[in-house]
Amino acid sequence: MNDTSAPIGVFDSGLGGLTVLKEIITLMPAEHTVYFGDTGRTPYGSKSPETIIKYALQIARFLQSQHIKMLVIACNTASARAYKAVCDLMKIPVVEVITPGAQAAVQGTINRKIGVIGTRATIESDVYVNAIRHFAGPDMQIIQQACPLFVSLAEEGWWHHAVTRSIADVYLQALKQAQVDTLVLGCTHYPLLKDVIAQSAGSDVTLVDAAHRVSERVLDVLKTHRLMNQSDVQGHHVFYTSDSIEYFQKLGSLFMDRTIDTVERIDIEQY
Ligand code: DGL
């Protein structure tokens, strides 16, 4: 297998990264992919930086053993805490999910008030604040809110549930008071709750779902490194998990909006 026909590796703490994978497959149908969802150790959002780095490096080593040509960290929490460590380990291009979202928010805001929601680890890392300031300068107003319950609600499939709406109303209160006009969905699980978050945020607020931007970034990087698969044949997609295969298949198929037939369970602690 030469470099161009090697797969793209994608990982998340669980199933949320499938929202990014879906965009990658749509934009680059010829690319092969290998996805790892760490459902056995999710959530990452409540874990320490050291633990998140350890987990991300184990996954990167596992995906390296699958001979990937590029790695996508399709998890905001792992991108926030472990991007540098993963880059130091890998000799292939690594794409994170923070920069594309921050850039889209800066381009989208009119009143220069941006809200960011994410896991506790992502919010505490200030990674979005730094990335937004990098593109926009220091005068941009950024209001952050950790929404830890959203991950469970997304994985529970309660995407349109009244309970989700009530929780969103509580989480988004301060952001609404601050009158943000742009809200970054800083967690790959949150696009699944998009309808409820949009209703709660109100029609004046534009949501930034970075998944598509991330896929465009992946395409750019592949082009730059001359790694694009030029085949006319559709790529194949392989899935690995650290926990129940049935759970991954059932919920993952919903996240991807297509049937996931084959999932393999691996012992990630070995890597
Ligand atoms: N999908 C992860 C992210 O984008 C969050 C889920 C978790 O807490 O593990 O941050």
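The values are calculated or read from the model by the stated rules, or taken from the named source; none is laboratory data. Quick caveat, the model's predicted, so the values are computed rather than measured. Please note: Cβ atoms are built from the backbone with ideal geometry, for glycine as well, and neighbour counts cover all protein chains shown. Accessible surface areas use protein heavy atoms only, side chains included; no ligands, DNA or RNA. Shrake-Rupley method; radii C 1.70, N 1.55, O 1.52, S 1.80 Å.
The table below gives the values:
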quantity: Qualifying residues in region 187-202 (those that are within 20 Å of MET256 (Cα to Cα) and more than 16 Å from the ligand (Cβ to nearest atom)) - the one surrounded by the most Cβ atoms within 10 Å (Cβ to Cβ); calculated: VAL196
quantity: Number of the exception - ALA56 against (1) buried (at least 22 other Cβ atoms within 10 Å of the Cβ); (2) within 11 Å of the ligand (Cβ to nearest atom); calculated: (2)
quantity: Scope region 12-33; condition under 22 Å from GLN234 (Cβ atoms) and under 15 Å from the mean Cα position of the chain (by Cα); matching residues; calculated: GLY17, LEU18, THR19, VAL20, LEU21, LYS22, GLU23, ILE24, ILE25
quantity: Condition broken by ARG133, with the remaining ones in (1) within 16 Å of the ligand (Cβ to nearest atom); (2) under 25 Å from PRO49 (Cβ atoms) satisfied; calculated: (1)
quantity: Pair list, Cβ < 7 Å and 6+ apart or interchain, from region 228-248 residues that are surrounded by 14 or more Cβ atoms within 10 Å (Cβ to Cβ) to residues that are among the acidic types (Asp, Glu) and not in a strand (DSSP E or B); calculated: ASN229/GLU31; GLY235/GLU31; SER242/ASP38
quantity: Some residue of region 143-158 being of a type in the set (Phe, Trp, Tyr), more than 15 Å from the ligand (Cβ to nearest atom) and surrounded by fewer than 16 Cβ atoms within 10 Å (Cβ to Cβ); calculated: no
quantity: Residue count for region 203-216, restricted to those that are open to solvent by less than 10 Å² (accessible area, probe 1.4 Å) and either of a type in the set (Val, Ile, Thr) or away from the ligand (no atom under 16 Å from the Cβ) (or both); calculated: 1
quantity: Residue within region 97-106 that is in contact with a Pro (Cβ under 6 Å, 6 or more places away or on another chain), under 23 Å from GLY9 (Cα atoms), at pLDDT 95 or above and open to solvent by less than 20 Å² (accessible area, probe 1.4 Å) present; calculated: no
quantity: Residue check for THR77: modelled with pLDDT of 95 or more, within 12 Å of the ligand (Cβ to nearest atom) and under 23 Å from GLY157 (Cβ atoms); calculated: yes
quantity: Residue in region 38-52 that is among the small types (Gly, Ala, Ser), more than 19 Å from VAL208 (Cβ to Cβ), in a helix (DSSP H, G or I) and within 16 Å of the ligand (Cβ to nearest atom) present; calculated: no
quantity: Some residue of region 36-53 being open to solvent by less than 10 Å² (accessible area, probe 1.4 Å), under 30 Å from PRO138 (Cα atoms), hydroxyl-bearing (Ser, Thr, Tyr) and in contact with a helix residue (DSSP H, G or I) (Cβ under 7 Å, 6 or more places away or on another chain); calculated: yes
quantity: Matching residues, region 16-35, being away from the ligand (no atom under 12 Å from the Cβ), hydroxyl-bearing (Ser, Thr, Tyr) and open to solvent by less than 20 Å² (accessible area, probe 1.4 Å); calculated: THR33, TYR35
quantity: Checking SER65 against (1) open to solvent by 30 Å² or more (accessible area, probe 1.4 Å); (2) in contact with a Ser or Thr (Cβ under 9 Å, 6 or more places away or on another chain), the condition it does not meet; calculated: (2)
quantity: Single residue of ASP126, ASP88 found to be modelled with pLDDT of 95 or more, farther than 16 Å from PRO191 by Cβ, surrounded by fewer than 19 Cβ atoms within 10 Å (Cβ to Cβ) and within 16 Å of the ligand (Cβ to nearest atom); calculated: ASP126
